[in-house]
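The values are calculated or read from the model by the stated rules, or taken from the named source; none is laboratory data. Nothing here was measured: the structure is a model prediction, and the numbers come from that model. Cβ atoms come from the backbone with ideal geometry, glycine included; neighbour counts cover every protein chain shown.
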């Protein structure tokens, strides 16, 4: 296997990991907002619902962070191929 194809294979595996992390992140966001919305229906759970919305909003920031990390890491793999 050439150095180029090894790098391509490694980049593919890294992209797969980040893709799964992104899917898992989106799943948690959906759960936080759904449960938080239901909590708003009950006065005693309103504060917990607010916290779930805050956590979900913070988690939404993870999507762009994961994409950025993925792009940066993939770029370092490509640079190693171009610069022995």
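Numbers for the structure displayed
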{"quantity": "Residue among 29, 38, 50, 54 that alone is touching a helix residue (DSSP H, G or I) at 6+ places or on another chain (Cβ under 8 Å), at pLDDT 95 or above and exposed (fewer than 13 other Cβ atoms within 10 Å of the Cβ)", "calculated": "38"}
{"quantity": "Residue identified as part of a helix (DSSP H, G or I), within 30 Å of residue 9 (Cβ to Cβ) and out of contact with any strand residue (DSSP E or B) (no Cβ under 8 Å at 6 or more places or on another chain) among 50, 54, 38, 77", "calculated": "77"}
{"quantity": "Search result, residues across the stretch 57-67 that are part of a helix (DSSP H, G or I) and without any contact (Cβ under 8 Å) to a residue 24 or more places away in the chain", "calculated": "57, 58, 64, 65"}
{"quantity": "Given (1) surrounded by fewer than 16 Cβ atoms within 10 Å (Cβ to Cβ); (2) closer than 25 Å to residue 69 by Cα; (3) touching a residue at least 12 places away in the same chain (Cβ under 8 Å), number of the condition residue 20 does not satisfy", "calculated": "(3)"}
